[in-house]
Structure formats: structure tokens, C-alpha cells
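Some notes on the structure that comes next.
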Amino acid sequence: MRNLASFAVVTGGVLLALPVLAQQPRPAAQYWMSIATDSMNVPGMEGAGAGVGGLLGGMGMGGMGGGPRRSLLLDLVGPDAPPSPAAEHEIPAGLKMGRSLPLITPPAPSREPGGPEGEPGREDWRFLLYWGCGESVRSGQPRVFDTAKLFTAEQSQAFVSRGGPAQYPPRPRKGWTYGEWPNRDDRKEIPAGGSLQGDHLVKGNYTPEIRFRLDPRRDFMDPVQFTRVEGGLGDPVRVEWKSVPTAIGYFMTAMGTNEKRREIIMWSSSELQDTGAGLMDYLPNASVNKFIKDKVVFGPDVTRCTIPKGIFKDADGAFLRLIAYGDELNLAHPPKPADPKAAWNPIWTTKVRLKSTGMAMLGGEEGGMGQAPSKREAAPESKGESTQAKPEPENADPLKDAVEGAKKLKGLFGF
């Protein structure tokens, strides 16, 4: 009888718990659209094409070189795991890419260990950090960060880098299904005149239908266009750009290298000390607004800044990067209730994030965009000196030097 009574108690408890278990909300499917416009202004390299773009793309500067380029990344994850997953994104006709884009589930990554690789030799570099717009370098700059003293308190204080909250687009996860575009089956280029404005539908056998509409503020942003980059590497560099109509803020960085001294020179447009490493990518609107208030990011009405004199006077080459942040859109179905105490169990959520980035060389020898001659050009004729220009070293390539510096920075810190 005692065992029977115990069984009845346990059984009753399980039966009472069943309605509670049945009421557990189903996880929401998640969909992200990452929309970018990239451009590069290098005098004499308007037709550089994909070679430069591919090299820079590996450093987070994708699409630069050969004119403006649009890119679109689609990431979907749903709470089901069918044996044959299938999903697609039906797109507006104005995108000029057909009826839909397939969201393909990539194969599971191999767990086989890779081949043996030797540890790269350690290279110690000094980072010289400057910040703020103006004609002259401000007091207390540069702050120096030496990789040979990486773990000192002083070094950690020197390398300040702000950023928004961590953003993790949907990725494969256990028990869920992931789909992406571009993918191994479809990697079409975005047409120059294509538009995302209009109705969108995401559907498949592991996701609910996700319907939404994009307005002109969530279309591809205009490319960054520098209208003035004037000044040699040893001069104040006056930078102006054309306003990007849908931008909610701007941020700018510049970097150069001195190979002989093993130095990487960094500058950011922030009024506060910051490397800019965490600000040259998508940011949510709240972060952009906060950083504008903190005078770290420019407001949308700002279109000029001067890089202080002498920062890059000893650099082998230097380049400038500017990002225009777009107006991020976050959707959910059903929408989040106004009452924070009300229950909310969305079926799906969607994030649409946007940016436009541009790059230009500093101290260009071609005189492009009003730039003054760089230190590599022949010295002016003077009494007692030959009027023949000195031959330029074969390896004097400011773009290559700057790119190599960026690769070193990425390798050291994973930017």
C-alpha cells in the first residue's frame, strides 16, 4: 500500500506538471540582415578591381578598391532541425536579383585536426596613439603602447577601445538549423542599382514566416565620398566628405607604419582617447547616440575634420577610414508590449543593420583630391643641388605599406 501511495503521489505530481510544460514558450527564430556599402579613394587606382578589395576584405575592409561596392549578409536560425532543411528570402523586384535568395545550411565543420603549424615568431612593435581633430597635436599625446610591455598597467590604460554591446549574428547551434546567404551555391554580386525597399518574406521548413517591409532609410546607404583630403604626411590633413543622407553618425581613423622603427601610428577622430578598433563596424542606434553625446562619434551634421600636423611625418605610408552608421531596425512578431510587466513570447525577431565605409590614402604623390606632395617626392630645386629628382625606392608603395601595417595590427590584436 505504501508503494502504491508513493506511486500515486509521484504520478499526480507529473500529471500536474504537464500543463506547465506544455505552456513553455517556443524559442523565437532569429533573422539578421547586414547591409554595407564600401568605397575606396586612391588616386590612380580607380580601376584597381578585386585584387585590392580582396586583400583589404581580409582585414575587415571588404569591398574597397575599384569603386563603391554593396554587400548583403543574411543569417537565419530556427528552432527546428528537419532532415532536409530548406529556406529562402523572397526579395523585392527592385533588388534585381530574381524572386528570392536561397538560405543554404552549410555542412557541419570538420572536427579533424589541421596540419602541424609552427608558432610565428614574436614581433615587438610600438603603437603611437593620437586622437582628436585640430591643427596641432594635443598635450599628452601620443600615448605609447609597446607589445614588449603588454601586461603592464600603464600599457593597458593606453590602449582604450570603446564599442557597442557584443553583436552575434545567428550561427549554427545544437538542435537548431542555420541558413545563410551568400553561400556555396549562390554568391551573386549586388547590382549597382538594386534596392531593398519593399516587402520581404523569409520562409522555410525550420522557421515561421517572417514578413516585414523596408523603407528608404533601410536601403543600401550612399557611398562615402571624400571631397577633400589635403595635406602631406607631415602637414595638417584637412578632410571633408559628402553627407550620407541616411547616416546617424560618423567616425574616422587613420593609420600608418614606420617599418624601420617598428612603429604603428594610429589616430582617431574621437575627442576622448580611443583607438577606434571597436567603432569601425556596425553599431546599434543607442550606442551611436551615446558616443555622439560623449564626443567620441560625430553627429550626422558633421562633414569635416583636420588630422593634426606631424602625426604621420615619419610614416612610410598612411590611410584614412571613415564609417557612416546606418539607422538600425529591430522587429519582432508579435511586437513587444508597451507594458514591461506583460508576457512577451515572440515567434520571430529580425535585425536590419547598416553601414557605409570609405578609405583614402594620405599624403598621395599624385596630388589627387587636392593632396599636397608627400615626403617621397623630390626636394625642390635649390642652389648647389641637382635638379634631377632622386630615384624612388622600388618598394616605395604607400598603399602596400599601409596595408601591411593593418595586417600587423590585425594579427596582433584580432581587429
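Observations on the model:
- Measuring with a 1.4 angstrom probe and ignoring ligands and nucleic acids, VAL202 comes out at about 0 Å² accessible.
- Virtual spin-label span in nm between THR227 and GLU90, 7 Å along Cα→Cβ: 4.3
- Rounded to the nearest 10 Å², the accessible area of GLU209 at probe 1.4 Å: 100
- Sum of side-chain charges, GLY276 neighbourhood, beta-carbon under 10 Å (Lys, Arg +1; Asp, Glu -1): +1
- In this structure, the amide hydrogen of ARG143, modeled 1.01 Å from its nitrogen in the peptide plane, lies closer than 5 angstrom to those of LEU129, counting only residues at least 5 positions away or on a different chain.
- Once the Cα-Cα distance is subtracted from the 0.36 nm per residue extended length, the LEU201 to LYS313 segment shows a gain of 35.0 nm.
- For peptides 93-106, 187-200, sequence by mean Cβ density within 10 Å, most packed first: 93-106, 187-200
- Members of LYS203/LYS290; LYS174/LYS290; LYS293/LYS341; LYS293/LYS351 lying beyond 26 Å, as alpha-carbon distances in this model show: LYS203/LYS290; LYS174/LYS290; LYS293/LYS341
- By accessible area with a 1.4 Å probe, ligands and nucleic acids excluded, highest first: order of MET40, MET33: MET40, MET33
- Structural size metrics of the range 242-340, computed from C-alpha coordinates, are Rg and Dmax of 17.2, 62 Å.
The values are calculated or read from the model by the stated rules, or taken from the named source; none is laboratory data. What you are looking at is a predicted structure, and each value in this text was computed from that prediction instead of being measured. In this analysis, Cβ positions are derived from the backbone assuming ideal geometry, glycine residues included, and neighbour counts consider all displayed protein chains. Accessible surface is based on the protein model in full, side chains and every heavy atom, while ligands, DNA and RNA are left aside. Shrake-Rupley method; radii C 1.70, N 1.55, O 1.52, S 1.80 Å.
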